[in-house]
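Note sheet for the following structure.
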Amino acid sequence: MVTFVYLVMYIGMLVLISLIDMFIWKQSFFQVILRLFTLDEGTNEWLIGGTVFIGFICSIVIDYRLRKNKGQKQL
Amino acid sequence: MKQQKLMEKLSLWQLAVLLFTFEIGSVAVVGVGNDLRQDAWIAVAISTLLGAGIVSFYIMLLKRAPGKNLFELMTISFGKWLGKGIGLLYVFYFFYIAERVLRDFCELITTVIFENTPIEIISITMMGVIAYMIYLGLEVFGRTGEIFIPYVFTFTILIGFATFFSGEMDFKNLLPVMAEGSGPIIQHIFPRLLTFPFGELITFMVIIPYVTQFNKAGKVSVITVLVSGMIIIYGTVIEIVTLGTEQLERTVFPLLSAARYISLLEFIERVDLVVVFIVMFGIITKVSVFFFAGLKGLEHITNISYRYMVLPMATIISYGTILISDNFAEHIEEGIRFIPHYMHVPFQFILPALFAPLLFWRTKKQKRGSDTNGSK
Amino acid sequence: MKKRIFILICISSFLLTGCWDSTELNDVSIVTGIAIDPGKEKRYRLTVGYVNASILSPQIPFEGAPVSVMTLEGNSLPEISARMNIGVSRKLVFSHTRALYINEEVAKNDGVGSFLDSLERNPQFRNDFNILITKGDSAEKFPTINDPVERVPSLKVQKQIKSILKNWGGDPRVRLTDFIDAIVSQGRSPIASSVTIEGNPEKGKNVESNMETKAPARILLAGIAVFEKDKLAGYLSLEDTRNYLWTQKLESTMVTIPCGKHGEELKEKLYFDLAIMNNKSTIKTFYKGDQPHLKVDIYSEARLTSMQCNEDLSKKETYLDLEQKSSKYVKDMIVATIKKVQDEFGLDIFGFGEALHRQNYQKAKEVEEKWDEEFARADVDVNVHVAIRRSGIRNKSFLSEVPANKED
Amino acid sequence: MGLSDFLFKRRKNKKGDSTPEEEIFQNENISKEYFKSLDKNKRSLHELFKQTFDFSCDDIRLGESEACVCYLGTMLNIHSLTDKVLNVPRETSVSKNPKNIEEIRDRYFPTMAFEYADTFHKVVWHILNGFAVIMVDGQEKALSLEIGDTEKRAITEPSTQTIIRGPKEAFTEDINTNISLIRKRIKNPYLIFEDFYIGGDTKTTVAIGYVSTITNEDILNEVRERIEKIEIGAVLDSGNIEEMIVDKSFTPFPLVFNTERPDSICSHLLEGKVALIVDGSPFVLAVPSVFTDFFQSSEDYYQPFLMPSFIRIIRYMSFMIALVLPSLYVALSTFHQELMPTQLLISIQAQREGVPFPAVIEIFMMELTFEIMREAGVRMPRAVGQTVSIVGALVIGQAAVEAGLVSSVLVIIVAFTAIASFVSPIYSFSIATRLLRFVLILFAAVFGLYGVLLFLIIMVIHLVSLRSFGVPYLASVAPFKLTDQDDVFLRLPAWANKRRPSYLFPKSPVKEKKKQKPSPPHVQGGKK
């Protein structure tokens, strides 16, 4: 469930940011998405990408543990 | 004394502290009403009064169903699914504003203090601290505020005195008063000034229900808004009289620029650090409030304790902080052209105004129901 | 568990990151003076004077130059300063710059605007350095003139300016932001302080010059440099600087006033001195019909410090009389300065335009574009009131008791 | 804090009409009467002292009559009690029955100092004062015999928490001695000591002490619960217990107050805290303890209030200095040269000239050296200890500077930090600063001042999340309580400090009801 929420929030956030970018830069949706996802070489954007990925892993782990706890309770 | 662990309660004083820091937090970074030059403080004063009105409107909504937060109110008035859907929109809104606020701070740090440090690092570390705090709960958040408020408050006040005694203030800069008439002021107040430090208080609709003495919360928040409004006016006046109108228009971080004028006793000079501290704590409070509000929304929607979602969501916010804009100009432009009109106004005014009558209607029915139950 | 993950993230982020902005103190040179000259090939010729800290250490008495200087040509300041390391071993830190010397050639021909922007933009630069226009010698010589007391030249200049500002008022108290504000403002023309070298700059360069009791070269303050927008228009003398400051914000000064009635020539040239301690001046600008009026109200408190005239200071009438004399005298001085500025430059360095802007916004908007002409033709009205409070630890001067003096 | 309360009670006693033994029971509903029936008296005594483990009531026979000897085992010398009181009746077997208590005394205890107690209150008072009270069935008075002090290791001056003015006694290793030291100061029947035997192998006596009319029940139950839960093999010092009962052990801050000073423990007891006395340890614990406790020395209450208030502020300041000074140096000198005044910067630079290490390494080295020297100085035999300080001061300090390995500013900073870190009156608190300092230096080395601020904020978040026996660690500051501020950053005069700290939820929150602000005597009409 946490993973699901994570994905919803992630995609939602992306859509929101790109909508705003579309408004500001007067570009099409795909242009904006492309711009958001190109990692500019030499910058430290990978850091932030890595963080988000860690967040994703975390949410999976949390989900797993939640499920395990639930199972234990039922037993 | 009861052994309540991780209690989700705030005292009135803690609420006041959070409100206060929330209000002056990002105002300390970017300043308000810089475009209005010497009349900025008038606009702030007017919008403080209006802001107090807005807050009492929010409180009034909350009072309809005591103990229920914004999201629960929405479920009450819109029904389960629609309420949750709109709640999700609010979550997006809160997270997005959190990202913007954090971005303000990151920009400050990377332009003024660390010119070579990647902005991502600042964002990640700040978000780390915030996530840690929120994970420990609302109570810890409130107490942290209590610890820092004396410093934030005294430093803010002292900056004014120090610049004054450094002889850098020129009160003539406040003149002429309202040279261009009231037109620009009114245009500035709505939507920008009203939404930026004051309308954002809608997040407190998620926090106020957790206050121990809920019935007094309204009064306390209105008073706090007025007090913080006064401090904002104070700060704005410092900025105007120290920097002068010409500079105020050009400067990116006005309070910081003003504090750089301080030079006392040949030794107390270069006190940028103090401003950075005020700003830092203000930002942490502000982002935390938005973050917490968003998390509570998610909790309401998914029925999972928000503690489980702190870490993943924190990474998303620190990610968004970087992603929302490529450069500072874009960030500012979004802040002026897009955010107030298309985000603040709908979420702060239109939606609440929309569900207010619904809420009244539903709670009326409920209240009647509960009354009859009580009589039985 | 989750906290452990969190801590892990924190630690890993530490390990991943370096220390981008850290520089050891051993790897920096503190720049205290910057000099800008016109370049021969490129646009500017930049000279930086940076401190040789080990010489200044109290523990190691080591004879050597307290500052070192490097000169380079280039088209913009950031570019040159970044390139300085072709000859300088350490990273230059500009945050402690104390003096910016601008060659008058640059100021006159090129204008200063183009490089002031980079100074204002850079957070490294504080607002506490002095902008100095160098008269006569080229700017690059200024950061090199040694001084035996204050061993870092630019620090010496700054202290000197601070002192004179406090005691006499020979510096217009203009810092970077004030200067830029004045450039932008319609109602005020920018000014800066100007400096000259007295003596032989070549000799002053040598550290040996510190051995001499009379320094072979010295940096002197030389009044105000007046700018039209960002270009140098001319100079005002030190006296005028003081008078200018009197209309703005004067801390204290000393005036010498002739004893006789104004204009009246005495046989002997006798004077009395006033130490002005407390000052308040207000500037007003208004229109009478179409004629602009400039009005300055000055209220000064003074202390009598010397008395050559033959008057009895124990009487209150004497005070009144002296007050009138000195008010008149000061008034004439200030009026003369304002008139001089009006006639010579036609540039409003006093901020009368800003005063009008504050006091009559509509009118100011009207005349904004041609304010300098308006300023030049304006009537000047200065009101001075000097209040003499006390006269030191004696009242009557012993001179009045000297028996040879028959007139008494 | 409670000490002023303690002092005040005595003063009031002197001038009041009531006797001290009546004072104790002023507001309590214990019968004043001394009954003729021994059983009744015994029952009410047991009722009063039921929880206290050191109270005993031994039945004896004095001739024909039933009697019992009641005493607090910790307050008197058990051997002489046995010799002189418990054994006496058996040796002298006289057939004639003594009629009244005077005769009993004459017969059985002719050589001992005595007093008669004709009220129940007096009985209790005598017991509390270390008398053995003999109650004989059918008599109107009880006989109190002075037995004499316990034999014990000589009570010495405290070695860790020395003060200039105030009591100079310290706890010893013997639990009975320690209890008697406390009992001597608090003559209150509601001061209760309960005993536990902890340690699978050692079975160490652990006593919890509290004043039952003040201490909150919830806190007490929590303490009992936690102590009962302990299952470790050996308890050799109160430190062993401390680690087992804290709310959170992953923290550098001490969550339990420990002290060698009986007066300090007494003041804590009178505030409503619980004392933990472990047999074999001269360090007595007090729980729950809060952050601000560690900045209060008991001497604060023995001096006129102005100076202690100032000293307290100094303590808080030196805590901050000890924590951040080295990291500030690192941050300022490597990141923010622009934030230092020019002259200072130049002189620091001049001193650092020729130092081969980066500032971080330099300061780490020196701090580590200091810690090593400190540790060596503590562990070494006293005679060698001197050598360490000489070697430290001369070789490390001076020689290192002269050799150009470290700059002299740095030596000053390290020395100052070291001194500042020992200002806290409770030694265990300085551990926190010493430990966190290193982390802080790391943060400063990576992020400069931003890092320092970041760490301080994290530290505060951590601090506010801590709890000691359910009481927020930063209580009375966060959560903020205005009424508790009279004894936190400042020490207000004793007459102004009327309330016990509210975070302990004491049963009787008010110490002194009356206004007692001293003032010069009023002279009316200017005459007299």
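So which residues in the stretch C:293-314 are of a type in the set (Gly, Ala, Ser) and surrounded by 17 or more Cβ atoms within 10 Å (Cβ to Cβ), if there are any at all?
Going residue by residue through the stretch C:293-314, those that are of a type in the set (Gly, Ala, Ser) are C:300, C:302, C:306, C:314.
Selection gives C:Ser300, C:Ala302.
Would you check if there is a residue in the stretch C:153-162 being more than 14 Å from chain D (Cβ to nearest Cβ) and in contact with a helix residue (DSSP H, G or I) (Cβ under 9 Å, 6 or more places away or on another chain)? Working first, answer last.
Residues of the stretch C:153-162 more than 14 Å from chain D (Cβ to nearest Cβ): C:160-161.
The next check asks that each one be in contact with a helix residue (DSSP H, G or I) (Cβ under 9 Å, 6 or more places away or on another chain); those that pass are none.
No, the stretch C:153-162 has no match at all.
Which one is most open to solvent (accessible area, probe 1.4 Å), of the residues in the stretch C:153-185 that are of a type in the set (Lys, Arg) and assigned to a loop (DSSP other than H, G, I, E, B)? Walk me through it before giving the result.
Our first condition is that a residue be of a type in the set (Lys, Arg); within the stretch C:153-185, this holds for C:156, C:159, C:162, C:166, C:173, C:175.
With assigned to a loop (DSSP other than H, G, I, E, B) added as a condition, the list becomes C:173, C:175.
Numbers: C:Arg173: 72, C:Arg175: 53 Å².
Looking at the filtered set, the residue picked out is C:Arg173.
Which one of D:Ile372, D:Ile346 is in the same structural domain as D:Ala420 (by TED's automatic domain parsing) and within 30 Å of C:Gln124 (Cα to Cα)?
Values: D:Ile372 fails: within 30 Å of C:Gln124 (Cα to Cα).
Within the list D:Ile372, D:Ile346, the selection yields D:Ile346.
Could you tell me whether the stretch C:343-350 includes any residue that is under 14 Å from C:Pro292 (Cβ atoms) and assigned to a helix (DSSP H, G or I)? Taking every residue of the stretch C:343-350 in turn, none turns out to be under 14 Å from C:Pro292 (Cβ atoms) and assigned to a helix (DSSP H, G or I).
Surrounded by fewer than 22 Cβ atoms within 10 Å (Cβ to Cβ), without any contact (Cβ under 8 Å) to a residue 12 or more places away in the chain and either assigned by TED's automatic domain parsing to the domain that holds C:Ala65 or assigned to a helix (DSSP H, G or I) (or both): does that describe C:Glu150? Walk me through it before giving the result.
Values: surrounded by fewer than 22 Cβ atoms within 10 Å (Cβ to Cβ): yes; without any contact (Cβ under 8 Å) to a residue 12 or more places away in the chain: yes; either assigned by TED's automatic domain parsing to the domain that holds C:Ala65 or assigned to a helix (DSSP H, G or I) (or both): yes.
Yes, satisfied.
In the set (1) surrounded by 14 or more Cβ atoms within 10 Å (Cβ to Cβ); (2) at pLDDT below 75; (3) basic (Lys, Arg), D:Arg105 fails one condition alone, (2).
Can you tell me which residues in the stretch D:97-146 are among the hydroxyl-bearing types (Ser, Thr, Tyr) and over 11 Å from D:Ala67 (Cβ atoms)?
Going residue by residue through the stretch D:97-146, those that are among the hydroxyl-bearing types (Ser, Thr, Tyr) are D:108, D:111, D:116, D:119, D:144.
Those that are among the hydroxyl-bearing types (Ser, Thr, Tyr) and over 11 Å from D:Ala67 (Cβ atoms): D:Thr111, D:Tyr116, D:Thr119, D:Ser144.
Checking each residue in the stretch D:464-493 for being surrounded by 22 or more Cβ atoms within 10 Å (Cβ to Cβ), within 11 Å of another protein chain (Cβ to nearest Cβ) and assigned to a loop (DSSP other than H, G, I, E, B) picks out D:Phe469, D:Tyr473, D:Leu474, D:Ala475, D:Val477, D:Ala478. Here's a check for you: in the stretch C:57-73, which residue that is open to solvent by 50 Å² or more (accessible area, probe 1.4 Å) and either at pLDDT below 85 or closer than 15 Å to D:Ser407 by Cα (or both) is farthest from the other protein chains (Cβ to nearest Cβ)? Per the stated criteria, the residue is C:Glu63. Against the test of being buried (at least 21 other Cβ atoms within 10 Å of the Cβ) and not aliphatic (A, V, I, L, M), the options B:Glu72, B:Glu99, B:Glu115 yield a single qualifying residue, B:Glu99.
Report yes if B:Leu248 is open to solvent by less than 10 Å² (accessible area, probe 1.4 Å) and in contact with a helix residue (DSSP H, G or I) (Cβ under 7 Å, 6 or more places away or on another chain), otherwise no.
On the way: open to solvent by less than 10 Å² (accessible area, probe 1.4 Å): yes; in contact with a helix residue (DSSP H, G or I) (Cβ under 7 Å, 6 or more places away or on another chain): yes.
Spelling it out, B:Leu248 is indeed open to solvent by less than 10 Å² (accessible area, probe 1.4 Å) and in contact with a helix residue (DSSP H, G or I) (Cβ under 7 Å, 6 or more places away or on another chain).
Going by what's in this entry, would D:Lys168 be described as more than 17 Å from D:Gly470 (Cβ to Cβ) and part of a helix (DSSP H, G or I)? So that I can check it myself, show each step before the final result.
On the way: more than 17 Å from D:Gly470 (Cβ to Cβ): yes; part of a helix (DSSP H, G or I): no.
Answer is no for this residue.
Pairing each residue of the stretch B:301-315 that is more than 10 Å from chain A (Cβ to nearest Cβ) with any residue that is open to solvent by 20 Å² or more (accessible area, probe 1.4 Å) and of a type in the set (Asp, Glu), provided the two are 6+ apart or on different chains, yields C-beta distances under 9 Å for B:Tyr306/B:Glu299.
The set of residues from the stretch D:322-376 being open to solvent by less than 10 Å² (accessible area, probe 1.4 Å), closer than 12 Å to D:Ala445 by Cα and at the interface with chain C (Cβ under 7 Å from one of its Cβ atoms) comprises D:Ser333, D:Thr334, D:Ala359.
If you scan the stretch B:19-51, which residues turn out to be closer than 13 Å to B:Phe204 by Cβ and either open to solvent by 10 Å² or more (accessible area, probe 1.4 Å) or in contact with a strand residue (DSSP E or B) (Cβ under 7 Å, 6 or more places away or on another chain) (or both)? Before the answer, list the steps.
From the stretch B:19-51, those closer than 13 Å to B:Phe204 by Cβ are B:19-23, B:51; that's our starting set.
Correct list: B:Phe20 only.
Taken over the stretch B:333-351, the criterion of being free of Cβ contacts under 8 Å to residues at least 24 places away in the same chain, among the hydrophobic types (A, V, I, L, M, F, W, C) and within 11 Å of another protein chain (Cβ to nearest Cβ) is satisfied by B:Phe338 alone.
Being among the hydroxyl-bearing types (Ser, Thr, Tyr), over 20 Å from D:Leu474 (Cβ atoms) and buried (at least 18 other Cβ atoms within 10 Å of the Cβ) is a property that does not hold for D:Ser318. Filtering D:Ser424, D:Ser428, D:Ser476 for residues that are in contact with a strand residue (DSSP E or B) (Cβ under 9 Å, 6 or more places away or on another chain) and either of a type in the set (S, T, N, Q) or in the same structural domain as D:Leu220 (by TED's automatic domain parsing) (or both) leaves a single hit, D:Ser428. When you look at C:Asp321, is it touching a residue at least 40 places away in the same chain (Cβ under 8 Å) and in a helix (DSSP H, G or I), yes or no? Here the answer is no, as C:Asp321 does not meet what is asked. Selection of the stretch C:95-134 for residues being of a type in the set (Gly, Ala, Ser) and in a loop (DSSP other than H, G, I, E, B) yields C:Ser95, C:Gly111.
Candidates are the residues of the stretch C:186-217 that are open to solvent by 70 Å² or more (accessible area, probe 1.4 Å), under 19 Å from C:Pro153 (Cα atoms) and not charged (D, E, K, R); the one that is farthest from the chain's Cα centre (by Cα) is C:Met211. Counting only helices (runs of 4 or more DSSP H) that sit completely within the stretch B:56-136, those holding 2 or more residues that are within 11 Å of chain A (Cβ to nearest Cβ) correspond to B:80-108, B:119-136. Kindly check whether there is at least one residue in the stretch C:230-249 that is in the same structural domain as C:Arg377 (by TED's automatic domain parsing), of a type in the set (Lys, Arg), assigned to a loop (DSSP other than H, G, I, E, B) and open to solvent by 50 Å² or more (accessible area, probe 1.4 Å). Yes, that holds for at least one residue.
Within the stretch C:336-352, can you find the residues that are at positive phi and open to solvent by 10 Å² or more (accessible area, probe 1.4 Å)?
Residues of the stretch C:336-352 that are at positive phi, as a first pass: C:346, C:351.
Once the filter is applied, which keeps residues that are at positive phi and open to solvent by 10 Å² or more (accessible area, probe 1.4 Å), the stretch C:336-352 yields only C:Gly346.
The residues of the stretch A:45-65 that are facing another protein chain (nearest Cβ under 8 Å), over 14 Å from B:Glu120 (Cβ atoms) and open to solvent by 10 Å² or more (accessible area, probe 1.4 Å), listed by number, are A:Phe56, A:Val61, A:Arg65.
The values are calculated or read from the model by the stated rules, or taken from the named source; none is laboratory data. These numbers come from a predicted model, not from an experiment. Methodologically, a virtual Cβ is constructed for each residue, glycine included, from the backbone with ideal geometry; neighbour enumeration extends over all protein chains shown. Accessible surface is based on the protein model in full, side chains and every heavy atom, while ligands, DNA and RNA are left aside. Shrake-Rupley method; radii C 1.70, N 1.55, O 1.52, S 1.80 Å.
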